[in-house]
Amino acid sequence: MEIACVLDSRLASPTRPGHSGGLRPGRHVLPDPVAAAEATEAMVRQLEALGAAVESERAGEAFFAIDGLRGIHGGDRAGVLRAVRGALGTPRDDAGTAIRIGTAPNRFAAFAAAWKGVAVPEQRLHVFLAPIPVAILPLRLEAPGREAEELVVTLERLGIGTLQALSRISADRVADRFGPLGLRARRLARGEDEPLRPRTPHEELVARIELPEGTAGSQLERALELLVDRLLAAPQRRGRTLLGLRLGALLSAGGSWSVEQGLGRPTASARTLRSLLAPRLQGLPGPALALRLRALGLGPAAADQIELAVGGEEPRRRRLGAAVREVRAVQGAEALLKVLPVDSSSRVPERWALLTPFPEL
C-alpha cells in the first residue's frame, strides 16, 4: 500500500527539513487553534471530494491511501497527486508553496517524505529513514505530557541521534531502558507503522454566534444554549445524533480558543450537550467575541426510548417532535423559534432576550 501525506506548512507541526537530509524541529508558531482546525477541515473535505478515505488527527495534516484512487485519476500516482494539487490550490508560505505532498509505504515515512516533497518506494524505505534525526519522533509518538521529548533527549545523550542508530538496537534493550514508548519509537525507526484509521465522511454541521461586548457568566451560558439549539436545528442534521463536538471562541484580545468534547454515546439531546459543554466555558482564557460549535461526527438517527409508564407526556412529546421536524422540512430551520431570556437587567432592550430554534423534543 502507498500512503500519501498532505501537509499545510502554515498549520502543521513545527518541523523543518534538516540540512543533512533529515528533519529537525524548527521554531514555528502555529496559528490560533480554531482557524487551524477550520482550515484543516476544509482541506480534508476537499480530499474526500476526490474519493480519498482520509485520516487527520493533527492540524495541517492529512493521510490517505492512493492505491484505490489511481483508477479515478489517471491510472498512476502522478495523476492522483495532480488531482490533489488541483483541488487544494497553491497557497504560499515563507519557504514557497505551503502545500507539501509526500508518499511512502506507511504513515510515518509519508510524513517525513511530505516535508521534502518526495516519493519513497518500498525498496528505498530504510535508506530514506536512516539519516533522519530522532528529533522527529515527538511529532508522531502519542505520549502524555513531555514523555516523547524526554525520550529524544535521552537518546541523543546516549549518542543515538538518527533513526538508523535506534533501529539497530535490540528490542529487549530498548524495552528495558525506555519501555513501551521506546519500543514504539523503534518500530517507527524500522519502517513499521500501524494501518491508517480514516474517518467516516460527514456533512459539515456548524453553528456560530456573535457575542456582545462583556458577555460573561450566565449570559455566556445562555449564548451556549442558543448555539446548541441552532446546531440541532440545522436542516443537514436530518434527525441524526452527534458523536463529538468542537467548541471554539474568538477572543477579544486576539487569537482564539477551542476544545473538543466526546459524547460517550450518540446523542441529540440539547440538555445533554449543554451539560457537557457548559463546564468547558470555564476554560476560556478571556472575554470572547464569538462562539462556534462544530459537530465532529454524525451518528444514526435518535431512536425512541421504550416507555415504561402508561400514558404520561412521552407520547405527546414524540408527536410534538415529529410536528416540529415536519414544519422545518417545509418552512426551513427558522420556522419555529422560542424566546430565550438573556440579560433582563440590561439597559439595551435587544439584550433582554433572543430568538432561538425550538428544540426537537
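Criterion first (open to solvent by less than 10 Å² (accessible area, probe 1.4 Å), part of a helix (DSSP H, G or I) and at pLDDT below 95) does Leu137 satisfy it?
Criteria met by Leu137.
Restricting attention to the stretch 141-155, and to residues there that are open to solvent by 20 Å² or more (accessible area, probe 1.4 Å) and touching a residue at least 24 places away in the same chain (Cβ under 8 Å), which single residue is nearest to Asp193 (Cα to Cα)?
Ala143
If only one of Ala78, Ala53, Ala87 is surrounded by fewer than 20 Cβ atoms within 10 Å (Cβ to Cβ), within 19 Å of the chain's Cα centre (by Cα) and modelled with pLDDT of 85 or more, which one is it?
Step by step, each of Ala78, Ala53, Ala87 is checked, and only Ala53 is surrounded by fewer than 20 Cβ atoms within 10 Å (Cβ to Cβ), within 19 Å of the chain's Cα centre (by Cα) and modelled with pLDDT of 85 or more.
Give the number of residues within the stretch 248-275 that are part of a helix (DSSP H, G or I) and either surrounded by fewer than 18 Cβ atoms within 10 Å (Cβ to Cβ) or among the charged types (D, E, K, R) (or both).
4
Looking at (1) closer than 30 Å to Pro198 by Cβ; (2) modelled with pLDDT under 65, can you tell me which one Gly299 breaks?
Just one mismatch for Gly299, condition (2).
Return the total of residues in the stretch 113-132 being in contact with a Leu (Cβ under 7 Å, 6 or more places away or on another chain) and either open to solvent by 50 Å² or more (accessible area, probe 1.4 Å) or not in a loop (DSSP other than H, G, I, E, B) (or both).
3
Given the options Glu225, Glu204, Glu213, Glu194, name the one that is of a type in the set (Asp, Glu) and surrounded by 12 or more Cβ atoms within 10 Å (Cβ to Cβ).
Exactly one of Glu225, Glu204, Glu213, Glu194 is of a type in the set (Asp, Glu) and surrounded by 12 or more Cβ atoms within 10 Å (Cβ to Cβ), namely Glu225.
Could you tell me whether the stretch 330-338 includes any residue that is closer than 24 Å to Leu243 by Cβ, modelled with pLDDT under 65 and either touching a strand residue (DSSP E or B) at 6+ places or on another chain (Cβ under 9 Å) or surrounded by fewer than 16 Cβ atoms within 10 Å (Cβ to Cβ) (or both)?
No: the stretch 330-338 contains no residue that is closer than 24 Å to Leu243 by Cβ, modelled with pLDDT under 65 and either touching a strand residue (DSSP E or B) at 6+ places or on another chain (Cβ under 9 Å) or surrounded by fewer than 16 Cβ atoms within 10 Å (Cβ to Cβ) (or both).
The values are calculated or read from the model by the stated rules, or taken from the named source; none is laboratory data. These figures come from a predicted structure and were not determined experimentally. Counting neighbours? That spans all protein chains shown, and the Cβs are built from the backbone with ideal geometry, glycine included. SASA here: full protein model, heavy atoms, side chains in, ligands and nucleic acids out. Shrake-Rupley method; radii C 1.70, N 1.55, O 1.52, S 1.80 Å.
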